[in-house]
Amino acid sequence: MAGPQDATDTLACAIAMQEALADWNRDRRRRGEPEICAGIGIHYGETVLGDIGANRLEYAVIGTADNVAARLEEMTRRL
């Protein structure tokens, strides 16, 4: 259910993901393994979430906000 903390919670989640990845990469460096890079795209707005499809159901998120977030994440690959 949508709430007033959604955007703040989303940013906190992204920061926690970055911190966890930094910890994991520290362990990987110690073992001589390559680092893992990940981009995060965030956009706020309405989406539709659920099973989509007629012959084969797939769980999906669709909507303008999802499309914008995906494009932002894609842009992080070049940065």
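The values are calculated or read from the model by the stated rules, or taken from the named source; none is laboratory data. In this text the structure is predicted, and so the values were computed from the model without any measurement. Cβ: placed from backbone, ideal geometry, glycine included. Neighbour counts: every protein chain shown. Note: areas computed on protein heavy atoms with side chains; ligands, DNA, RNA excluded. Shrake-Rupley method; radii C 1.70, N 1.55, O 1.52, S 1.80 Å.
Look at Asp6 and say whether it is at pLDDT below 90 and touching a Leu at 6+ places or on another chain (Cβ under 7 Å). Quick ask: steps written out before the conclusion?
Numbers: at pLDDT below 90: yes; touching a Leu at 6+ places or on another chain (Cβ under 7 Å): no.
So Asp6 does not fit the description; no.
Looking at this structure, is Glu46 within 18 Å of the chain's Cα centre (by Cα), exposed (fewer than 11 other Cβ atoms within 10 Å of the Cβ) and either in a helix (DSSP H, G or I) or polar (S, T, N, Q) (or both)?
So Glu46 fails the test.
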Worksheet item: Within the group Ile15, Ile36, which residue is open to solvent by less than 100 Å² (accessible area, probe 1.4 Å), hydrophobic (A, V, I, L, M, F, W, C) and without any contact (Cβ under 8 Å) to a residue 12 or more places away in the chain?
Response: Ile15
Worksheet entry | Residue tally, condition acidic (Asp, Glu), under 20 Å from Arg77 (Cα atoms) and either in a loop (DSSP other than H, G, I, E, B) or at pLDDT below 85 (or both), over segment 18-43 | 1
